[in-house]
Amino acid sequence: MHSKVRQQPAVYYKGNMDTREIAQKLWEPAKALQQNGLAYHDYVDNLTWLLFLKIAPAIDMIEELPATLNWRILLTTPTAQQLAYYQHILITLRQSTHPSIAALFSQARTQLKTVQQLKQLLETLTVLDDIVIDDLGEIYGEFLDLYALNDQEHLVPPRSLVDTLVILTQPQLGELIHDPAADTAGFLVAADQYVQITSDCDVFEDDCIPDITPAMPQAMLLGIEQDLARQRLAIMHCLLHEIDDTPHLPVQWGNSLLMERHALPSVDVVLSSLVFITEQRHEATQQTQTLALLRHSYHALKPKGRAAIIVPDAVLHATGHAQKVRKELLDNFVVHTVLRLPQGIFYPHQIPAHVLFFYRGEQPTERTQNVWFYDMRSQSTGFGRHLRLKRQHLMGFETAFGEDNYGTSPRQGEGKKSRWHSYSRQWLTQKNDSLDLAYLHEQETNSYEGQESIWTFLESAVAELEDLRDLLGG
């Protein structure tokens, strides 16, 4: 069963900190520096560039750097010249001929205003001094999670959900895995890790202890990200997970919708989140882009190619162009499962979403017959800053889905008022091909709001106690 996938044990370092606590240490200065005018994205960029310089020898990149530009020289440069020297490093590495370094430092220019800010970042990175290089990928992934949690400008699905979608689609060695909106490469990194583990031993065996080494076979990845800053973070994320940049970068800068169809190969697996932040006045334009990316995704599939894609609710019930796209998908591909996600997983943004699971049939006549729906939203706990979606919350769905990655495992519904049952293609036609079915009675009270209000009260109480402590002199 899927629940037998082995979880990596916690690794502890200084002061018994685990990888998540180390990531928290890396993030802590961001808030103070933001108050001094350094935006979160500038903090993340600079920490990423400095991290690369620090670990370049450990990841066999030191020979790709000019001899006069490295971490050791940066640390020993006199304070008065240190910020200027750092800026010189960034400008020089923009011109690197190494594809990953060129992408990582593309248009790099620091927004640090004082050498004291630079020294604070250098000091922050000392928490990594005793870290095993193999654990840096996990730490950086946790760091990106904290960035997403505090950032107001982009949406990243929880890693627990990403892991579940990867496990259910089961990418295989030699398959080409595509994300048309790759962001910081969360899906691609998870897919690569899954391929490495399952290529070494049976991931569903309790006694499977994978021996992952750099020499192990890797997934073939093709990510596209139109935001240059996001692509930069994706490249670092891949580097730290030892994902190769040949024959091409795992995440390329560009717009999937503007690339010529013949320039992108057909793919075996599509894993992506097509949920984006948009202003209300631009909602129609954003929905058009989301629908276009969905069409791009299913047309990119090879025969027997499969997909798991997160989409906003509106895409699944809107009329007009959205309905035409749904009809094309249902009539020409096999949509077998829809997961209705709980509220709050994209906190702080409350954008409701579903996951579509589908594949392209071996024959053109193979198309949707029945669609199974699993409702995690109705009459259930919502999530937010303090209550995060975890893998354990998804186990009920994983069990219902079954072990076959095309959704053909034996399935049994639990009645019309249950979380899990199917609808025929004919029935969906009568409902304007809607795939957003709130078939459980919604509770009048929202448990998510209730839980968040409790946390807000507790945070306020803690703040008052801290103020009282300061007033009393510690």
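Coordinate-derived values only; no laboratory data. Here the structure is a predicted model, which means the values were calculated and not measured. As a convention, Cβ positions derive from the backbone with ideal geometry for all residues, glycine included, and neighbour counts pool all protein chains shown.
Pairs spanning more than 25 Å between alpha-carbon atoms, out of Lys302/Lys324; Lys31/Lys54; Lys304/Lys390; Lys304/Lys417: Lys304/Lys390; Lys304/Lys417. Plainly put, the stretch 105-196 has a radius of gyration that is 1.04 times its Kirkwood radius, both from alpha-carbon atoms, as the Rg/Rh ratio. The string of couplings for the stretch 86-94 from the Karplus curve (6.51, -1.76, 1.60, θ = phi - 60°) is 4, 4, 4, 4, 4, 5, 5, 6, 4 Hz, one whole number per residue in order, with x for Gly and Pro. Scalar couplings 3J(HN,Hα) for the stretch 318-323, obtained by applying the Karplus form with A = 6.51, B = -1.76, C = 1.60 to θ = phi - 60°, are 5, 8, x, 4, 4, 5 Hz; x denotes Gly and Pro. Each peptide in 242-253, 296-307 receives the mean, over its residues, of other Cβ atoms within 10 Å, and ordering these scores from highest gives 296-307, 242-253. Efficiency by 1/(1 + (r/R0)^6): what FRET value for Asp244 and Ala67, r their Cβ-Cβ distance, R0 = 25 Å, to the nearest 0.05? With R0 = 25 Å, the Cβ-Cβ based efficiency is 0.50. Shape summary of the stretch 393-436, radius of gyration then Dmax from alpha carbon positions: 12.2, 33 Å. Normalising the Debye intensity of the stretch 2-138 to I(0), with uniform scatterers on Cα atoms only, and taking log10 at q = 0.10, 0.12, 0.19, 0.21 Å⁻¹ returns -0.37, -0.53, -1.20, -1.38. What's the FRET efficiency of Met259 with Arg20 using the Cβ-Cβ distance as r and R₀ = 60 Å, to the nearest 0.05? In this case the efficiency is close to 0.95. The amide H of Phe383, built 1.01 Å from its N in the peptide plane, has Gln343, Gly344, Ile345 as neighbours under 5 Å, considering only residues 5 or more places off or on other chains.
Distances between placed amide hydrogens fall under 5 Å for Ile224 paired with Asp179, Ala181, Ala182, Gln252, all partners being 5 or more residues away or on another chain.
Using the Cβ-Cβ distance between Asp134 and Asn332 with R0 set to 45 Å, the FRET efficiency from 1/(1 + (r/R0)^6) comes to roughly 0.55.
Count charges around Arg411 for me, please; just the other residues with Cβ under 14 Å from its Cβ, Lys/Arg as +1, Asp/Glu as -1.
Numbers: positive: Arg419; negative: Glu398, Glu403, Asp404, Glu414.
Combined, the nearby Lys, Arg, Asp and Glu give -3.
Taking all C-alpha pairs of the stretch 153-450, those more than 28 Å from each other amount to 36 percent. Label 7 Å along Cα→Cβ of Ser160; the stretch 312-352 residues with amide nitrogen under 14 Å? Within reach of a label on Ser160, which here means backbone N under 14 Å from a point 7 Å along Cα→Cβ, the stretch 312-352 contributes 341-347.
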